[in-house]
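**Q** Would you mind keeping the following structure in view while I ask a few things?
Bear in mind these aren't lab numbers, they're just calculated from the coordinates by the rules spelled out. Just so we're clear, the structure is a prediction, and the values are computed from it rather than from any experiment. Glycine gets a Cβ as well: all are built from the backbone with ideal geometry, and neighbour counts include every protein chain shown.
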Amino acid sequence: MKTTSENSEEQSRSGINLQAKAWAFAKRRFETLSPLSSEPLPAHAGLVLRWVSLATILFSISFPAAKTQAAMTGTPGGRILTAGDARVMILSPAGEVLWQYPTKLTHDAWMLPNGNVLFADGETVTEVTPEKKVVFQYRAKEQRGGGAYACQRLPGGDTLVGENSTGRILEVNPEGRIVFALQTHPFKLGEHHNLRMTRKLANGNYLACHSGARLVKEYTPQGNVVWQAQAPGPLAFAAVRTPRGTTLVSSLDQVTEYDGEGKSVWQFSSGEAGAATVRNFTGLHLLPNGHLIIGCYRAYEQGKGCGLFELSQDKQLVWSYADPKADSTMMPVELLLPEGQAPPDKCLR
């Protein structure tokens, strides 16, 4: 697959080749009029050739070689798995697209240890190989409101599915059979904002974002609620349980950290990024050093903003990535190793 820089170079070469072909065409035309090589070209040949040259120059000005709008400010610590408006992709630390696969609007994506990519795009939860072969897929029977927006590969090989359309947390085996189902509340069949990110925790419980209700709840497998927090923003999108037992929640306007009692102990809002424009926080990846990588929904306002960025604990932007022409939304994000493998330790997303 060609990178964006290779495409730009190819388009530039095409512009040069166009002018050369125009000259060659004109020359052949006049050589047809005067076939003997010893004969000079007609007197008006120079004028016409100059006209051809001017025309090709004007053409190249009117239709310049396309340039990528993508921009990486700073340098991530590895490749990045993310998704745009209609694709899931892997970016290099320089921001080049190294691999991509067409999807619907993807909300969740994971790099698996076997090198495959698992994603949820509202219609299905799908696992695809680097060669773009589908090896697992779950499709919710109820598609109204969006079938499934969250997924997670579990240690035993089953796949957790946050089935938004029914408000259920499911575990699905490799053959596609549901082996566990938990009905969450509140929900309304076919509603668009029943569930967003859903995760199975190390203690066996489930952390679920009830996006429309702006609630994050921790459920036991029996359905008992043992922890919850009310998100302050327009909706609750993602929740990450940290090693110290707190919970990070993204809610578009801000990211908030809650303690075991559901009280806010830290927050970052869109107005705290200094001169940078950041907005609509969705996907989260908590790194071992305490930094957060954040994906953004409808990331740009009048061309300003970024789809992805890394935030330090003291609220400084480490790097940011923007590509408003290609992808206005970039919700899921996972920092990979430099060669593109999944993180070796437990990935907190």
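**Q** Using +1 on the beta carbon of Lys and Arg, -1 on that of Asp and Glu, and nothing else charged, what's the dipole of the stretch 71-335 about the Cα centre, debye to 20?
**A** Around 360 debye, computed over the stretch 71-335.
**Q** Under the Karplus relation 6.51 cos²θ - 1.76 cosθ + 1.60, θ = phi - 60°, what is the ordered set of whole-Hz ³J(HN,Hα) values for the stretch 327-336, x standing for Gly and Pro?
**A** With coefficients 6.51, -1.76 and 1.60, one gets 9, 6, 10, 9, 7, x, 8, 9, 7, 9 Hz.
**Q** Shifting gears a bit: Give me the tail of P(r) for the stretch 71-335 as a percent: Cα-Cα pairs with distance above 35 Å.
**A** 9 percent
**Q** Output wanted: per-residue J couplings in Hz (rounded whole) for the stretch 312-317, from phi through Karplus 6.51 cos²θ - 1.76 cosθ + 1.60, θ = phi - 60°, x for Gly and Pro.
**A** Residue by residue, the stretch 312-317 yields 7, 5, 8, 6, 9, 6 Hz.
**Q** Residue-wise, which Karplus ³J(HN,Hα) couplings in Hz belong to the stretch 291-303, taking 6.51 cos²θ - 1.76 cosθ + 1.60, θ = phi - 60°, and x for glycine or proline?
**A** In residue order, the calculated couplings are 6, 10, 9, 10, x, 10, 8, 6, 6, 10, 10, 6, x Hz.
**Q** Return the distance in nm (one decimal) between the two label points of a simple spin-label model at Leu98 and Val226, each offset 7 Å from Cα along Cα→Cβ.
**A** Rounded to a tenth, the inter-label distance reads 3.8 nm.
**Q** Quick one: which residues, 5 or more positions from Leu98 or on another chain, have an amide H under 5 Å from its amide H? H modelled 1.01 Å from N in the peptide plane, none for Pro or chain starts.
**A** Hits under the 5 Å cutoff: Ile90, Leu91, Ser92.
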